[in-house]
Amino acid sequence: MKAYHALLGLLFAGLLYSCQPHSHSNDDHHQNEDHSHEVVPLMLTSYSQNFELFAEAEPLVVNQSSEVLAHFTHLANFKPFDGELTAINLTQDDHTTAAQEINKIKPGIFRFQLTPKQAGKQEVEFIMKDQAGDYSFRLDLIVSATKPEADEIAESSQVNVSDAQFFSKEQSWKIDFATDYPQLSQQGPQIIATAKLSPLPSMVATIHAGISGIISDPDNKLFPGRKVEKGEALAWLKGNLLADESIQLRMAQARKQWEKAEQDFLRVTSLREEKIVSEREFLDAQLAYHLAENEWLNLERSYQPEGQRLIATESGRLHRVYVESGEYAEAGQALFAIDPGSHLLLEAEMAPRYRKSLDRIASIELKTTDGAYFLSESLDWNVLSIGSSTQSDNFLLPVSIAVRSHPDLLPGTFVELMIRTEGEVEHLIVPQSALVEQQGNYFVYVQHHPESFEKRLVQVSSLYGQDAIINAGLQPNERLVTRGAIMLKLAEASGGLDAHAGHVH
């Protein structure tokens, strides 16, 4: 574990170095000038359905040009927007002012000039375009009539937390990073049990013997697990002499009935054209013909002089072979079963104290023996039955759940089943990847703006699946780091960064 953290530290040090600015447009003596005379920038953060916008702007004053440095991030993957800003419009009432000199510094970073013509609340619209399509991003801001008023607004947008952790957009773009709000959920008891995976019985197709006889499998196809296609001939069922005579007689009768029905149908069809027979008589003759034809074709396809040809009625895999080649089977006996592989059955046993909670199942998760997780959304699950009583030899309640099949979910194996139930008390839920542990305590990084984060102690009541319930230390309206928190912890351990490091200047 220490070696793992050491490796992470080396990787993170490389990341920090790659994000440091190696050239500046200003002279080196600016590094030593008095920062008290610097203009305090206006910090802007906004979210749309697709993007995060984080911008630093010179205070906005009427009839004065303000430079804006904007960072656009895809919310789907928290990577930089690699398209173009085709237009930026500042609008108040019916008056619109277009931004000047839109420059793309690098993917996701743009610099431009805004010169507002009126004071008050205004809307900025960003027109964006990339290979995936066109987007529109809107942001409200305040334009001041005087510079002191604009400076005051800019000052109020700053983060005043003394121990805030700086982490630039350029750094977060280089790692697996994301932020989001905690989820509110009425969480009830979490139930964990071992469950067995089996083919779903209602989906399994069973092939039965139409006659009594001996199974013949000359092509060696009747082995469990073998993939079969619908309509594929799998084996023969060779009947005895009396059975063969019975089938031959049945086939002869079916053929004669089909031929007679065909003649009747042709005769009624010709009489119908002359309007001699009624529509009802025509339909009856047509139905009798199709029924006789289907009966004959089915017998012809299934029964040959060699016996009954056993055909796969579904595509899938052979789940069970009840009678092997060379064995005798009675008419009506199950011969083999085909699992189409679309759904599986989860069978588990629960303690009776969970009976009421099992009526309020909100979601389930599965974990295989090799550590693979399957979340509720991908399982398409459905509760089939919940036991209402125990047996004399088993004091647990049986629970059966149908789930969608997956190549990593193998019938006959066991998985860990995690059931989340609904309760009466609302809790805050965060992913476990948002937590960092230190000396037995849990912390999260709460976002002040997309480059500033506060390390916050939280109380965790329980961990389950990939999530955690937070009892104290976090509010529903506070955005936090949900992926990449460990990198902020490493940044903190390295002594922190200058708030201007990694920026384009």
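Each reported figure results from applying straightforward, stated rules to the coordinates on display, with no laboratory input. Since the structure is predicted, the reported quantities are computational estimates derived from the model, not experimental observations. Backbone-built Cβ (ideal geometry, glycine too); neighbour counts: all protein chains shown.
For segment 419-455 and segment 347-390, what is the separation of their Cα centres, given in Å?
25
Collect residues whose amide H, placed 1.01 Å from N in the peptide plane, falls under 5 Å from the amide H of GLY108; neighbours closer than 5 in sequence don't count.
PHE81, GLY83
Name the long-range amide H neighbours of LEU310: under 5 Å, sequence gap of 5 or more, or other chain; modelled H, no Pro or chain starts.
Long-range HN contacts for LEU310: LEU234, ALA235, TRP236, LEU237.
Which loop-located trypsin sites (Lys or Arg not before Pro) does segment 331-369 contain, where loop means any DSSP state but H, G, I, E or B and the Cβ has at most 12 other Cβ atoms within 10 Å? Don't skip to the end; give the middle numbers.
Details: sites: ARG353, ARG355, LYS356, ARG360, LYS367; in loops: ARG355, LYS356.
Within segment 331-369, the qualifying trypsin sites (Lys or Arg not before Pro) (loop, at most 12 other Cβ atoms within 10 Å) are LYS356.
So which GluC sites (Glu not before Pro) in segment 78-172 are both in a DSSP loop and have at most 10 other Cβ atoms within 10 Å of their Cβ?
Answer by residue number: there is no such site.
Which residues' amide hydrogens lie under 5 Å from the amide hydrogen of ASP467, considering only partners 5 or more residues apart or on another chain, with H built in the peptide plane?
Amide H neighbours of ASP467: GLN432.
Order of 437-445, 188-196 by packing, highest average Cβ count within 10 Å first?
Working: 437-445: 15.0, 188-196: 17.4.
Listed from highest to lowest mean packing, they are 188-196, 437-445.
Which ³J(HN,Hα) values in Hz, rounded to whole numbers, follow from the phi angles of segment 208-214 under the Karplus curve 6.51 cos²θ - 1.76 cosθ + 1.60, where θ = phi - 60° and Gly and Pro get x?
With coefficients 6.51, -1.76 and 1.60, one gets 10, 7, x, 9, 8, x, 10 Hz.
Multiplying the sequence separation of ASP163 and ALA334 by 0.36 nm and subtracting their Cα-Cα distance, what value in nm do you get?
Values: separation 171, 0.36 × 171 = 61.56 nm, distance 7.25 nm.
The ASP163-ALA334 span can extend by a further 54.3 nm.
Ordered by residue, what ³J(HN,Hα) values in Hz, to whole numbers, does segment 433-441 give under the Karplus form 6.51 cos²θ - 1.76 cosθ + 1.60, where θ = phi - 60° and Gly and Pro are x?
For segment 433-441, the Karplus curve yields 5, 7, 8, 10, 9, 8, 6, x, 10 Hz.
For PHE110, PHE51, PHE395, what ranking results if the residue with the fewest other Cβ atoms within 10 Å of its Cβ goes first?
Neighbour counts put them in this order, fewest first: PHE395, PHE51, PHE110.
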